[in-house]
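Worksheet for the structure shown next.
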Amino acid sequence: MRILRTPDERFSDLPDFPYVPRYAEVPAAGGDGTLRMAYVETGPSDGPVVLCLHGEPSWSFLYRHVMPVLADAGLRVVVPDLVGFGRSDKPTEIGDHTYARHIEWTRSLVFDALDLKDVTLVGQDWGGLIGLRLATAHPERFARIVTANTGLPTGDFPMPETWLKFRQSVRTAPEFDVARSVASGCRTTLPDDVRAAYDAPFPDESFKAGPRAMPGLVPADPDDPEAQPNRDAWDVLRAWDKPFLVAFSDQDPITGAMAPLFKQLIPGAQGIEHPTIEGAGHFLQEDAGERLGHAIAAFIRF
C-alpha cells in the first residue's frame, strides 16, 4: 500500500478552525504497517463524548460551526479525519479503500487508540454508514446516536437518481473538484477561503483515491459484499432502544427519504421530537452548523 501525507502547510490559515491536530496510528490492511489518522478535539476532557464523523469528500473542517456549540454545552467533541481525507494518511489506490477497512480503521482509532466510551455518535453521509456499523457492532460503547443526512443502504432499494449521477461523475471525471462537490451539496454560498479549505487535503489527483473510491463502496446492489452486513446492522437497529435522534435537513435529495424510516423503525427514536434543519442541503453542517449543534446538545441533555 503506497501512502501519501498532505504537507502541513496546506492547512495554514483555515477559517474558523483553530483546532490543533492530534494523531494516532492504526493498523494498515493485512497488518502491513500502520496509517496515521488525524483528529481534532475540543470541550472539557471529562465531559460526555460526542464523536462526529464526516463523509465524502469532506473532512473534520466540516464540523467547525458545530464544535463550539457542543463544547460550550460541556461536551467533549472528537472529530476524526477518515483515512484518505483531511490530515489523515491517504492510500493512493482506489482498491486500497473498502467499506470494511474504513470501519476497522475508524474503530481502531476511536476504541483502541482513544478508548472512547458512552459515546454520542453524530454521523452524516459516510459518517453514518461507518458510524452505524460501529454502533451496532459495539453497542456497549454508545450512549445515543444522531443521524444527520445519512443512511445505511443494503442495495435492496434503488438509490436516488441524484446520487447515481454523482457516482458516475466521480468515476469518469478527469479531475475531481472537491470544493465544487461540497459546494453543490450546500444551499449557502461558500466563500473562497472555505472552498480552499476543502481542497487543502488534496494537492493533486494522486491524493484523491479516498474521495474517488467512496461512491463505489456504497452497497447499491443486493449482492454487494457489504449489503448483508448492513442488513445485519439494520436488524440490530430495529431493536435499538437507546436514544436515537434524526436531525436531517429539509433540502437533501440524496438521503432525505431515510429520515422517516429511521423515525419509524428504530425503538429509540420513539417519543423524541426530531428537528428538521430548514434551509440546509446535504452538508447541513455548512448551511446550519450552529442550529445542528444546538439540536445535538439539547438531545444529550434530554
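The values are calculated or read from the model by the stated rules, or taken from the named source; none is laboratory data. What you see is a predicted model, and the numbers here were worked out from it, not measured in a lab. Note that each Cβ is placed from the backbone with ideal geometry, even for glycine, and that neighbours are counted across all protein chains shown. Accessible surface is based on the protein model in full, side chains and every heavy atom, while ligands, DNA and RNA are left aside. Shrake-Rupley method; radii C 1.70, N 1.55, O 1.52, S 1.80 Å.
Annotations
- Converting phi to 3J(HN,Hα) with the Karplus coefficients 6.51, -1.76 and 1.60 and the offset θ = phi - 60°, segment 274-286 yields 8, x, 10, 7, 7, x, 10, x, 4, 8, 5, 5, 6 Hz in sequence order, with x at every glycine or proline.
- Assuming charge only on the beta carbon of Lys and Arg (+1) and of Asp and Glu (-1), the dipole of segment 200-302 about its Cα centre is about 380 debye to the nearest 20.
- Per residue solvent-accessible surface (Å²) - the chain, probe of 1.4 Å: 40
- Positive end of the dipole of segment 185-232 (Cβ unit charges, origin at the Cα centre): among Ala197, Pro219, Phe207, the Cα lying farthest that way belongs to Ala197.
- Choice from Thr98, Thr154, Thr34 with maximal GNM fluctuation in the chain (Cα, 10 Å cutoff): Thr34
- The charge dipole of the chain, taken about its Cα centre with unit charges on the Cβ of Lys, Arg, Asp and Glu (plus for the first two, minus for the last two), comes to roughly 340 debye.
- Expressed per residue, the C-alpha convex hull volume of segment 134-184 stands at 142 Å³.
- Computed over segment 167-273, relative contact order equals 20 percent, with contacts defined as Cα pairs under 8 Å that lie 6+ residues apart.
- Percent carbon-and-sulfur accessible area, segment 170-211, ignoring ligands, DNA and RNA, probe 1.4 Å: 47
- Vicinal HN-Hα couplings computed from phi for segment 72-82 (Karplus, 6.51 cos²θ - 1.76 cosθ + 1.60; Hz; Gly/Pro x): 5, 8, x, 9, 8, 10, 10, 10, x, 9, 4
- Here the accessible area is traced with a 1.4 Å probe on the protein chains. For segment 214-260, carbon and sulfur cover 56 percent of it.
- Among Gly84, Leu152, Phe61 - extreme Cα towards positive end, dipole of segment 60-159, charges at beta-carbon: Phe61
- Across all C-alpha atoms in segment 105-174, the radius of gyration and Dmax reach 14.9, 44 Å.
- Ratio of Rg to Rh over segment 154-296 (Cα coordinates, Kirkwood Rh, two decimals): 0.99
- Sites counted here are GluC sites (Glu not before Pro) in a DSSP loop (not H, G, I, E or B) having no more than 13 other Cβ atoms within 10 Å; the longest part of the chain that contains none of them is 176-272.
- Gain on full extension, evaluated as 0.36 nm per residue between Ser184 and Ala298 minus their Cα-Cα distance, stands at 38.1 nm.
- When a 1.4 Å probe is rolled over the protein heavy atoms, the share of accessible surface on segment 1-85 that falls to carbon and sulfur comes to 45 percent.
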